[in-house]
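In what follows, a structure is listed as structure tokens, so that the remarks can point back to it.
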Amino acid sequence: MGGGFGGKQEMLTEDIVVLAVLKLRRPVKMEFTRAEQFYGATTRTASTPTVYRPARAHRHRLGRRDDRDRSPGRPLRRRAGSLLRDGTYDIAVGTAEFGNGTTTVHKQITAGALNTTVDRITVRQSDTGVVRHDTGAFGSAGTVVAGKAVMLAADSLAERLKTFAARHTGVARHLCALGAEAFDCAGRVVTLKELYEAAYDKGRFDEIAADGHWSGSSRSVAFNAQWFRVAVDPDTGEMRILRSVHAADAGKVMNPMQCRGQVEGGVLQPGGPGLRQRPAGRQRGAVHADAGARDAVWQRMQAEAE
């Protein structure tokens, strides 16, 4: 549920797991302790949460505002698109896909620019031998920044194909219209397969390929607000969520189901630790390396079950 949230794109201990698999010749899983999760995993930018109680709201209704900077550095995306021999398209992207749904969005954007369907688009990802540097997927950059680069590449490819089709048919460029599988140039239909073969015969692959890049500046940021109605036991301090309401000012949503998953995942992820976990820390933010809060929670649950 939800997206990647920038937490799965860095290489941390994957090499250790791979070496263990090669050595043992069996499946291997490496799991961090709660303490290791804090000092051995990826981190986000500085965050200053402010919890406040609206002046006219009931006492049990709390709001939360997050003042963190969601843009670590300036994201940079480069994309390449090309026509394939079978008349379909190839789009090469640098953004990693790890369940965040960028593949679907990039196909949607490409299909819209090339007037085709998503089943006629192949996406290649995270290969620096195909596209150049990509700063990664975080803060929905896979959609709003990488998506912009994909759109620029697809738009450029559509224009190049139109120019090539006009030259190939001898028809004025403005009379050529791109369809799902062919160009219609003033009544003469030339398939995308035919255009590929023509480019191949002439050695003009530059006519059926294009690049696009986007630095992420300037771009808008989605604004969110979250409310919880909670019940607190005054004797034990136990807290339960009675109602959760989230508002997302997301602008134009490319994929409603994916966006909803991002929102729900973002609400649920901090909700569990907030209610069930209390990481014990030392000065300067250091985390105790002994049994963490996660172990303590499971021990207490087991004791209550017994």
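What follows draws every value from the coordinates through simple rules; no lab data is involved. This is a predicted model, so every value here is computed, not measured. In this analysis, Cβ positions are derived from the backbone assuming ideal geometry, glycine residues included, and neighbour counts consider all displayed protein chains.
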With charges only on Cβ, +1 for K and R and -1 for D and E, what is the dipole size of segment 136-272 about its Cα centre, in debye, rounded to 20? 340 debye
Given charges of +1 on the Cβ of Lys and Arg and -1 on the Cβ of Asp and Glu, with all other atoms neutral, how large is the dipole of segment 77-214 about its Cα centre, in debye to the nearest 20? 260 debye
Could you give me the ³J(HN,Hα) list for segment 229-240, computed from phi with Karplus coefficients 6.51, -1.76, 1.60 and θ = phi - 60°, whole Hz, x at Gly and Pro? 9, 10, 10, 10, 6, x, 8, 9, x, 5, 10, 10
What nm distance separates the two modelled labels at GLN37 and ASP249, each placed 7 Å from Cα along Cα→Cβ? 3.2 nm
Counting other C-beta atoms within 10 Å, which of VAL144, VAL232 has the fewest, and how do the rest follow? VAL232, VAL144
Work out the charge dipole of segment 77-214 with +1 on the Cβ of Lys and Arg and -1 on the Cβ of Asp and Glu about the Cα centre, then indicate which of VAL189, THR169, HIS213 is farthest towards its positive end. HIS213
Apply 1/(1 + (r/R0)^6) to the Cβ-Cβ distance of GLU194 and VAL118, taking R0 = 25 Å, and write down the FRET efficiency to the nearest 0.05. 0.65
Placed amide H near ALA96: partners under 5 Å, 5+ positions off or other chain: ALA137
At 0.36 nm per residue, minus the direct Cα-Cα distance, what do ASP86 and LEU19 gain on full extension? Give it in nm, one decimal, please. 20.2 nm
